[in-house]
Amino acid sequence: MSATTAPAVLILLGPPGAGKGTQARMLEEKFGLVQLSTGDLLRAAVAAGTPAGLAAKTVMDAGGLVSDEIVLAILKDRMGEPDTARGVILDGFPRTAGQAEALDRLLAEAGGRVTAAISLEVDDAAMVGRVSGRYTCADCGEGYHDEFKQPATAGTCDKCGGTAFKRRADDNAETVRARLEAYHAQTAPLIAHYQAMGVLDAIDAMGPIEAIAEGLGTIVGRVSA
């Protein structure tokens, strides 16, 4: 990541189940951006044995939580790779105001900034049903839902042709309500942070996946032009 070629940085905000991962993958394909998920970044850095990855492994092996400093170091390394030149979509980071401020400093050091933060607006009560019905392809991770998005051919992943699917054990009503409470307490204040920066957009995320994708595409096309 250099001051002259700083990539666009898009942040998707929204509670668990709002569709951030699904929409990020669709934006990735349409605009040539790279989706960066915190969990995936950590696993890749650990597997690659990078200095930051080794530091993360030490913490995780001890049962601790990886610090923001380590996560940011891993993110910085990843954003320095050639495939991120057109821009990145951050999925799952930042989650708190402190992380957002640290990310702002990291980007500023490279002459960049957050290009857009898009809040996926949802109805909490409806989210319980949405999350409890979701599942993914066990091979490629493509997301599906019992009601909103089933494979075109039953039992076969549209993306990779896999026939094995899985559901997260914590996708149940009680856990979803707890995650929503945590989101509103810790992450929703980011909306004010990015609104103050003048980079916040909001979109209704309770409609059909294709309609949400169209709205997001309009925003991303505008800010990345």
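Points to keep in mind about this one:
- A search for C-beta distances below 9 Å between a residue of segment 211-225 that is outside any helix (DSSP H, G or I) and any residue that is among the hydroxyl-bearing types (Ser, Thr, Tyr), counting only pairs 6+ apart in sequence or on different chains, returns 224/115.
- Top-ranked residue in segment 189-208 [being surrounded by fewer than 14 Cβ atoms within 10 Å (Cβ to Cβ) and small (Gly, Ala, Ser); ranked as nearest to residue 124 (Cα to Cα)]: 207
- Residue within segment 135-146 that is touching a strand residue (DSSP E or B) at 6+ places or on another chain (Cβ under 8 Å), open to solvent by less than 70 Å² (accessible area, probe 1.4 Å), among the hydroxyl-bearing types (Ser, Thr, Tyr) and free of Cβ contacts under 8 Å to residues at least 24 places away in the same chain present: yes
- Scanning segment 149-172 for residues that are at pLDDT below 85 and either of a type in the set (Asp, Glu) or surrounded by 12 or more Cβ atoms within 10 Å (Cβ to Cβ) (or both) gives 170, 171, 172.
The values are calculated or read from the model by the stated rules, or taken from the named source; none is laboratory data. Predicted model, so just to flag it, every value in this text is computed and none were measured. Heads up, the Cβs are rebuilt from the backbone with ideal geometry, glycines too, and the neighbour counts pull from every protein chain shown. Areas reflect the complete protein model, heavy atoms only, side chains present, ligands, DNA and RNA absent. Shrake-Rupley method; radii C 1.70, N 1.55, O 1.52, S 1.80 Å.
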